[in-house]
Amino acid sequence: MTRSANAEARLRDLARLRRVRDRIDREYAQPLDVEALARGVNMSAGHLSREFRRAYGESPYSYLMTRRIERAMALLRRGDLSVTEVCFEVGCSSLGTFSTRFTELVGMPPSTYRAEAARATEGMPPCVAKQVTRPIRNREAPTTARG
């Protein structure tokens, strides 16, 4: 393959990866898995995972869970839904997995976040609260050493 052909193939892959990311952003509450995402852009699941991580710094599954947790944070701040209702509203099918992932990304369990976030963002416009409280992978809660 020539350098030009390689560059064109890379651009096509990036466009497909952007479509996958956009689909995750739109359909985060739907049942999505890497195989279905890959089929949607005519890639193998392994190739999609490798290229997505290379382009965006995380796997498609991690990106999906980050979007779900981000939305869950907004719903929990609102305060009118239970943690279980929020779990299912954002597309998670297991409360245990949701709670574990939420705690990893946010640094506290969803029930604690629900109680504290309402106070912490009180009076703050929703767009500012979203930016301030957005889960970011490199801000993951540090693991504590157990002895």
Would you please classify the overall shape of the range 3-61 from the alpha carbon gyration tensor, given that a ≥ b ≥ c denote the square roots of the eigenvalues, rounded means a/c under 1.5, and beyond that prolate means a/b larger than b/c while oblate covers the rest? prolate
Gyration tensor verdict on the range 65-138 (Cα atoms; rounded if a/c is under 1.5, prolate if a/b is larger than b/c, oblate otherwise): prolate
For the range 49-66, take each phi angle, set θ = phi - 60°, evaluate the Karplus expression 6.51 cos²θ - 1.76 cosθ + 1.60, and give the result in whole Hz per residue in order, putting x for glycine and proline. 4, 4, 5, 5, 4, 5, 7, 10, x, 7, 6, x, 5, 4, 4, 4, 5, 5
By average Cβ neighbour count within 10 Å, what is the ranking of 60-72, 101-113, 6-18, 80-92 from highest down? 60-72, 101-113, 80-92, 6-18
Give me the angle, in degrees from 0 to 90, between the Cα long axis of helix 3-27 and the longest principal axis of the Cα atoms of the chain, rounded to the nearest 10. 30
Give the residue from A9, S59, Q30 lying farthest towards the positive end of the charge dipole for the range 3-61; charges sit on Cβ (+1 for Lys and Arg, -1 for Asp and Glu) and the dipole is referred to the Cα centre. A9
Alpha carbon centroid spacing (whole Å) that separates the range 34-50 from the range 1-19: 15
Percent relative contact order for the chain, counting Cα pairs under 8 Å at least six residues apart, stands at 20
Between C92 and residues 5 or more places away or on another chain, which pairs have amide H atoms under 5 Å apart, with H built 1.01 Å from N, and which residues are they? none
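Read-outs throughout are calculated quantities, based only on the coordinates presented, and are distinct from any laboratory measurement. Every value quoted in this text rests on a predicted model; they were computed, and no experiment measured them. Note that each Cβ is placed from the backbone with ideal geometry, even for glycine, and that neighbours are counted across all protein chains shown.
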